[in-house]
């Protein structure tokens, strides 16, 4: 299992907004703060917006536009980000539903890989994103 760059950048974009404490940030500000290439940021922000994690504020005479958090980070985990950007987690091809293996029911290797996959998912769900961000400050 490997977490793709886009997923990493999405978590970092959320961190920038979390650290902004409700102050809106433009996508390029987020990219600069978190060293995210500008080629990725708009696609990432679009996915985060579609998922309900961020919202867009439009500029008004008395306020700046940009992105702000719209999700409760106490309820979102690394696993949620993984699902959003990577899809279902399977550390081995034989765990994917669409893959057929004639030995799946009797294979001890499959059973162990399945157990490890469940442990990994459980660990990714253990801490909220907010807990992770707070622990960064320690």
### Task
State whether the residues of region 52-64 include one that is out of contact with any strand residue (DSSP E or B) (no Cβ under 9 Å at 6 or more places or on another chain) and modelled with pLDDT of 95 or more.
yes
### Odd one out for residue 52, checked against (1) surrounded by 17 or more Cβ atoms within 10 Å (Cβ to Cβ); (2) farther than 21 Å from residue 136 by Cα
(1)
### Message
Every residue in region 3-26 that is over 20 Å from residue 128 (Cα atoms) and in contact with a strand residue (DSSP E or B) (Cβ under 7 Å, 6 or more places away or on another chain), please.
### Response
24, 25, 26
### Query
Residues 95, 83: which one is in contact with a helix residue (DSSP H, G or I) (Cβ under 7 Å, 6 or more places away or on another chain), closer than 26 Å to residue 2 by Cβ and either loosely packed, with under 11 Cβ neighbours inside 10 Å or at pLDDT below 95 (or both)?
95
### Task
Read through the list (1) in a loop (DSSP other than H, G, I, E, B); (2) surrounded by 19 or more Cβ atoms within 10 Å (Cβ to Cβ), then give the number of the only condition that residue 41 fails.
(1)
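The values are calculated or read from the model by the stated rules, or taken from the named source; none is laboratory data. Note that the structure is a prediction, hence the values are computed from the model and not measured. Neighbour counts run over all protein chains shown; Cβ positions are idealised from the backbone, glycine included.
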